[in-house]
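Accompanying notes for the structure given below.
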Amino acid sequence: MHSLQQRDPEIFSLIQQEEVRQKEKIRLIASENYVSKAVMEATGSVLTNKYSEGYPGKRYYEGQQFIDQVESLAIQRAKELFGAEHVNVQPYSGSPANLAVYLAFLNPGDTILGMALPHGGHLTHGAKVSISGKYFHAESYALDEQTGLLNYDTIQEKAMDCKPKILIAGHSAYPRVLDFARFREIADACGALLLVDMAHFSGLVAGGAHPSPFPYADIVTTTTHKSLRGPRGAMILCKEAHAAAIDKAVFPGLQGGPHNNTTAAIAVALKEASTDTFRNYAAQIVTNARALADTLLGKGFNLVTGGTDNHLMLIDLTSKEVTGKIAAKALDAAGIVLNYNAVPYDKRKPFDPSGIRLGSAAVTSRGFKEAEMVQIGLWIDAVISNPTNTAQQAEIAAAVKELCSRFPAPGLEHLM
Ligand code: DSN
């Protein structure tokens, strides 16, 4: 980044410091990852210079000889990888992707039904503070208070009661796999379209480590930068019958020109995700999450639902007498980065909730296996057992840095 260094040393220096942070810390934020150098190169390419409103073969600007091929490749790769009939790769990120689905099928005031935000749903699944809860009549389903699990019978009751036009399956903080066949039955029973938001677990679906929402869902949305390990962007995958409505909603309904550099990087990530290496990666994400979950359970932590089937864990720290925020800040000082998170039926406020959320996708990208996950669990226990011990945090941060130095992160190998 020689030019950047000369042109804007301040931004150059901040990017450099962020690179070092990503290299030296254990990143457990469940929605983050490390993309490959190839994905970064496509993201930082000359494609950022081009406008291309429209779709391949139907653009409003000339000069699309190469852009059309890039977008068609991304679409084709996504169709093959997920077995989807139609794919739109233009949404700028997950929230606009979900909004495009609502724009395609709903009128203001229509009813949607999704998982409640404090129970692991996403803002865009109908939270009152989001446009999805302001412009539409948003109803929500909760997790079972005893088990922390989805109760499909109560979801069905709620769906039959409120008759949503769209039923949403998907989450940001639910550590178990979803029963898509059951969601389909509920959608059929209440006459709803079934939208699956697989943003968190699309990499697991691609790698065969999580059941696929296809062919059950009518529409599937996903970000591309979480477990799928691509650039920051999103896709909408749907049945052919919905293709025209979805495409029209994305452009011209919601967005202007697509970010072609991102589209190219999505294509690269999809190619990477079609390999055996990626299948092994997806399986290891789940194995690693279980190893960390088992270690934490052994140390008396209260994991919501009692464990994990996917890449993430949600821990209720109430019994440890530490708030999520205090724990997250102490762990960050010890070189372990995660986020504080509400737990189901949380009595505390969202800005200082009772839980923390952890995910294994990023550390698995740098090659961590079960032994490293056990070590992380022991460090987490030590820090949370004594969150004001700054000397211990510094010691653990040094040990974390040493561990990370032995596992180069994709895209950051040049820093090793
Ligand atoms: N903000 C993302 C997450 O952390 O789960 C969801 O969009």
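List of remarks:
- Taken along its three principal axes, the alpha carbon spread of the range 321-374 comes to 37, 23, 17 Å, from the longest extent down to the shortest.
- 1.4 Å probe accessible area per residue over the range 143-221, in Å²: 33 Å²
- Here the relative contact order of the chain, from alpha carbon pairs under 8 Å that lie six or more residues apart, stands at 23 percent.
- For the set LYS23/LYS325; LYS23/LYS329; LYS58/LYS134; LYS37/LYS79, the pairs lying more than 22 angstrom apart at their alpha carbons are LYS23/LYS325; LYS58/LYS134; LYS37/LYS79.
- Note on the chain: dipole from Cβ charges, positive end direction compared against ASN88, THR390, HIS311; the farthest Cα belongs to THR390.
- The spacing between the range 117-157 and the range 50-77, judged by their C-alpha centroids, is 37 Å.
- Take each peptide in 353-366, 77-90, count the other Cβ atoms within 10 Å of every residue, and average; sorted highest first, the result is 353-366, 77-90.
- Cα-based reach from LYS165 at 14 Å (exclusive), listing aspartates and glutamates while leaving out same-chain residues under 8 positions away: ASP110, GLU139, ASP188, ASP218
- Here the spin labels are modelled as points 7 Å beyond Cα on the Cα-Cβ line, and at GLU41 and ALA245 they lie 4.2 nm apart.
- Computed from the Cα positions only, the extents of the range 198-322 along the three principal axes stand at 52, 33, 29 Å, in decreasing order.
- Packing, as the average of other Cβ atoms within 10 Å across residues, places the peptides 339-347, 392-400, 6-14, 142-150 in the order 339-347, 392-400, 142-150, 6-14, highest first.
- Element breakdown for the range 125-188 at a 1.4 angstrom probe: carbon and sulfur atoms account for 49% of the accessible area.
- Ranked packing of 198-208, 126-136, most packed first, by mean Cβ within 10 Å: 198-208, 126-136
- Förster radius 56 Å - calculated FRET efficiency between ASN280 and ALA391 (Cβ-Cβ, nearest 0.05): 0.90
- ALA382-SER319 pseudo-label distance in nm [points 7 Å out on the Cα-to-Cβ vector]: 2.3 nm
- Taking 0.36 nm per residue of separation and subtracting the current Cα-Cα distance, fully stretching the chain between THR48 and PHE12 would add 11.0 nm.
- 20 °C / 1.002 mPa s Stokes-Einstein diffusion coefficient of the range 12-126, Kirkwood radius on C-alpha pairs, µm²/s: 119 µm²/s
- Distance from the C-alpha centroid of the range 384-416 to that of the range 1-31: 17 Å, rounded to the whole angstrom.
- The chain: radius of gyration and largest Cα-Cα distance (Dmax), Å: 21.4, 62
- Cα radius of gyration and Dmax for the range 29-96 (Å): 13.8, 41
- Per-q log10 I(q)/I(0), the range 295-355, q = 0.22, 0.23 Å⁻¹ (Debye; single scatterer per alpha-carbon; no solvent): -0.92, -1.00
The values are calculated or read from the model by the stated rules, or taken from the named source; none is laboratory data. These figures come from a predicted structure and were not determined experimentally. Note that we place each Cβ from the backbone using ideal geometry, even for glycine, and neighbour counts take in every protein chain shown. Note: accessible area is taken over every heavy atom of the protein model, side chains too, but ligands, DNA and RNA are not part of it. Shrake-Rupley method; radii C 1.70, N 1.55, O 1.52, S 1.80 Å.
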